[in-house]
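K.L.:
Below you'll find the structure I mean.
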Amino acid sequence: MNAVKLESDRHPFLRHPNRTIIYLSLPILLSLIAEPLTGLVDTGFVSRLGAAPLAALGVGTGALSSVFWIFNFLAIATQTEVAQTYGRGDLAGAKGAVSLALLTGIAISLLLSGLLFAGAAIVAAALGAQGAIHELATEYIRLRLLGAPAVIVVIVGFGALRGLQDMKTPLWIALGINLANILLDYIFIFGWGAFPALGVAGAGLASSAGQWLGAIWMLRELRRRIGLSSEVSLHDSIKLMRVGRDLFIRSASLTIFVLFATRVATQMGAEAGAAHQVIRQVWFFTALVTEALATTAQSLVGYFFGLDRREYARRVAISTTLWSLATGFAMLVIMLAGTPIVLATFVPGSAAAVFYAAWGIASLSQPLNALAFITDGIHWGASDYRFLRNAMMMATACGLIGLQLIASDSADAFSAVWLMTALWIAVRAFWGVARLYPGIGDSPFRLGSVRKGAAS
């Protein structure tokens, strides 16, 4: 252990903290951007087939993104566990954690995929698909489900490699998956040589094939870097399920608020619904930068926690928080300066009147958003999952009550939706920061705890 601690004292973050944060975060950001860009290419290809196939694609991707989102807890839990075992120099522990996450995820995905494959038509109908749209969406969902186990392998693998502070390999795999998807899209959607044109079904098949290529690549990297085993312990399985429960409840609370805010805005009329869609999409895109910083913070905090050098973990928390705050203020300026471009490019003329004030609120809330995201990553690295669950539930309760109190017929009703969104973010940010300093409750970052870690 002394040798491991000595090695930690030479960690690049301790000598060049800012350079290390940028070095680790940039590949994550690029990999996060790759998927939505590929989604735009999918949309562009399918749009050439007509309105019905494009609508079917929207139904299919909407249904499956929600399904695959369920498994995100595996990536978060795996990244933290691997980061902490890496800090302890315990590669056997990392091997067990990754193997357990893979086996659990694949088993659940096979069961869930079987149920969804049989019920694909029901799912498509529940999302409003009818006639030709329903038929195309059902076929797309079934073909995408063929790649579900591969998606799990990639999700878990991303968490494992990032836990090792290897951010470049996930980037190359992400780019490979998305490039394969684009190339296969063209072949399967429109046909080429011996391949018949499959239309929107071809988009589903291309996505599944691309995911399997990525999964094979990922398994090769995991076997080479960490190793894999078919033996898992009952204790570790129970621990993973507890983490999964907390992360699932947290993510469900987040999703409930986002969906309810969308519902409230849509019920105010087509103009408010259109403006809300534009602001929400920009808001999600700006979050990618702070999400990249949060992932970096998670890996570094987990590493130093595993090594029991909590004073170093606290330094990571301070540095990444300052970087995230700076990013939030930069996003604030960019959004305000880009208002005319966004208005001219995305906002229908009829929605302009309700757009301005809400856009201003969303822009001004960017620093709060940055604090909420970065503290999520920091607390993930410390395995503080239960606290994050409770903080999100509290924030969502406050946000939902606020949304319910909005008078939908008032002139500033739509602005109030984004004011309540800012409140939701502010509650998350407040508890995230308070858990760090002064360290409320049984915080692992409390000053006494940090001194204890330093003394060891």
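The values are calculated or read from the model by the stated rules, or taken from the named source; none is laboratory data. Predicted model, so just to flag it, every value in this text is computed and none were measured. We place every Cβ from the backbone using ideal geometry, glycine too, and count neighbours over all the protein chains shown. In case anyone asks, the SASA skips ligands and DNA or RNA and just uses the protein heavy atoms, side chains included. Shrake-Rupley method; radii C 1.70, N 1.55, O 1.52, S 1.80 Å.
K.L.:
So what's Rg/Rh here for the range 95-174, counting alpha carbon atoms and using the Kirkwood radius for Rh? Could you put the intermediate results ahead of the total?
P.N.:
On the way: Rg = 16.2 Å, Rh = 14.3 Å.
Rounded to two decimals, Rg over Rh is 1.13.
K.L.:
Work from the charge dipole of the chain (Cβ charges, +1 for Lys and Arg, -1 for Asp and Glu, about the Cα centre) and give the residue of Thr20, Gly50, Ala209 farthest towards its positive end.
P.N.:
Thr20
K.L.:
Radius of gyration and Dmax for the range 160-263's Cα atoms, expressed in Å?
P.N.:
When restricted to Cα atoms, the range 160-263 yields Rg and Dmax of 19.1, 53 Å.
K.L.:
Using only the Cα atoms, what convex hull volume per residue in Å³ does the range 21-99 have? Please list the in-between numbers first.
P.N.:
Values: hull volume 8.7 nm³, N = 79.
Hull volume over Cα atoms, normalised by residue count, gives 110 Å³.
K.L.:
On average, how much accessible surface per residue is there in the chain, in Å², for a 1.4 Å probe, leaving out ligands, DNA and RNA?
P.N.:
On the way: 20120 Å² over 456 residues.
Result: 44 Å² of accessible area for each residue.
K.L.:
While we're looking at this one, here's another question. Quote the relative contact order of the chain in percent (integer), defining contacts as alpha-carbon pairs under 8 Å separated by 6+ residues. Working shown, then result.
P.N.:
Details: 663 pairs, mean separation 85.4, N = 456.
Averaging sequence separation for qualifying contacts and normalising by length gives 19 percent for the chain.
K.L.:
May I ask you to evaluate 6.51 cos²θ - 1.76 cosθ + 1.60, the Karplus curve with θ = phi - 60°, for each residue of the range 112-121 and list the ³J(HN,Hα) values in order in whole Hz, giving x for glycine and proline?
P.N.:
Working through the residues one at a time gives 5, 5, x, 5, 6, 4, 6, x, 4, 5 Hz.
K.L.:
Rounded, prolate or oblate for the range 337-456? Axes are the square roots of the Cα gyration tensor eigenvalues, ordered a ≥ b ≥ c, and the cut-off for rounded is a/c under 1.5.
P.N.:
Working: a/c = 4.01, a/b = 2.22, b/c = 1.81.
Prolate, because a/c is 1.5 or more and a/b exceeds b/c.
K.L.:
Against the 2.2 N^0.38 Å scaling, with N counting residues, where does the chain land? I'd like the Cα-based Rg ratio to two decimal places.
P.N.:
Values: Rg = 22.5 Å, N = 456, 2.2 N^0.38 = 22.5 Å.
With N residues counted in the chain, Rg over 2.2 N^0.38 Å equals 1.00.
K.L.:
On the accessible surface of the chain, probed at 1.4 Å, how many percent belong to carbon and sulfur atoms? Write out the running numbers ahead of the final one.
P.N.:
On the way: 13610 of 20120 Å².
Solvent-exposed carbon and sulfur of the chain make up 68 percent of the total.
K.L.:
What size of dipole, in debye to the nearest 20, comes out for the range 200-284 about its Cα centre when the only charges are +1 on Lys and Arg C-beta atoms and -1 on Asp and Glu C-beta atoms?
P.N.:
Using only the charged Cβ atoms, the result is roughly 240 debye.
K.L.:
Going toward the positive end of the dipole of the range 290-426, with +1 on Lys and Arg Cβ and -1 on Asp and Glu Cβ, which of Leu336, Ile401, Ser319 do you reach last?
P.N.:
The Cα lying farthest towards the positive end belongs to Ser319.
K.L.:
If the only charges are +1 at each Lys and Arg Cβ and -1 at each Asp and Glu Cβ, what is the size of the charge dipole of the chain around the Cα centre, to the nearest 20 debye? Display every interim value, and only then the final one.
P.N.:
Values: 32 positive and 23 negative charges, 274 e Å.
Dipole of the chain, to the nearest 20 debye: 1320 debye.
K.L.:
Determine, from the Cβ-Cβ distance of Ala337 and Ala434 and an R0 of 45 Å, the FRET efficiency 1/(1 + (r/R0)^6), rounded to the nearest 0.05. Please list the in-between numbers first.
P.N.:
Details: r = 32 Å, r/R0 = 0.72.
For Ala337 and Ala434, the calculated efficiency is 0.90.
K.L.:
Below 8 Å, C-alpha to C-alpha, sequence gap of six or more: please give me the relative contact order for the range 134-217 in percent. Please report the intermediate quantities before stating the final value.
P.N.:
On the way: 90 pairs, mean separation 36.7, N = 84.
Relative contact order of the range 134-217: 44 percent.
K.L.:
Relative to the compact globular guide of 2.2 N^0.38 Å, what is the alpha carbon radius of gyration of the range 263-414, as a ratio? Could you put the intermediate results ahead of the total?
P.N.:
Numbers: Rg = 18.2 Å, N = 152, 2.2 N^0.38 = 14.8 Å.
Taking the Cα Rg and dividing by 2.2 N^0.38 Å, one obtains 1.23.
K.L.:
So for the chain, taking the charge dipole from beta-carbon charges (+1 Lys/Arg, -1 Asp/Glu), which of Pro444, Ile155, Ala124 sits furthest toward the positive end?
P.N.:
My answer, from the dipole projection, is Pro444.
K.L.:
Given the -39500 (n - 2.57) contribution per DSSP H run of 4+ residues, what per-residue ellipticity at 222 nm results for the chain, rounded to the nearest 500 deg cm²/dmol?
P.N.:
Numbers: 20 runs with 382 residues, N = 456.
Computed ellipticity for the chain at 222 nm equals -28500 deg cm²/dmol.
K.L.:
Take the alpha-carbon positions of the range 208-268, form their convex hull, and give its projected area averaged over all directions (one quarter of the hull surface) in nm². Don't skip to the end; give the middle numbers.
P.N.:
Details: hull surface 28.6 nm².
Orientation-averaged projected area of the Cα hull: 7.1 nm².
K.L.:
Calculate, for Phe346 and Leu110, the FRET efficiency according to 1/(1 + (r/R0)^6) with r their C-beta to C-beta distance and R0 45 Å; round to the nearest 0.05. Don't skip to the end; give the middle numbers.
P.N.:
Numbers: r = 40 Å, r/R0 = 0.89.
Efficiency, rounded to the nearest 0.05: 0.65.
K.L.:
Relative contact order of the range 156-293: what whole-number percent is it, with Cα pairs under 8 angstrom and at least 6 residues apart?
P.N.:
Details: 70 pairs, mean separation 20.2, N = 138.
For the range 156-293, the relative contact order is 15 percent.
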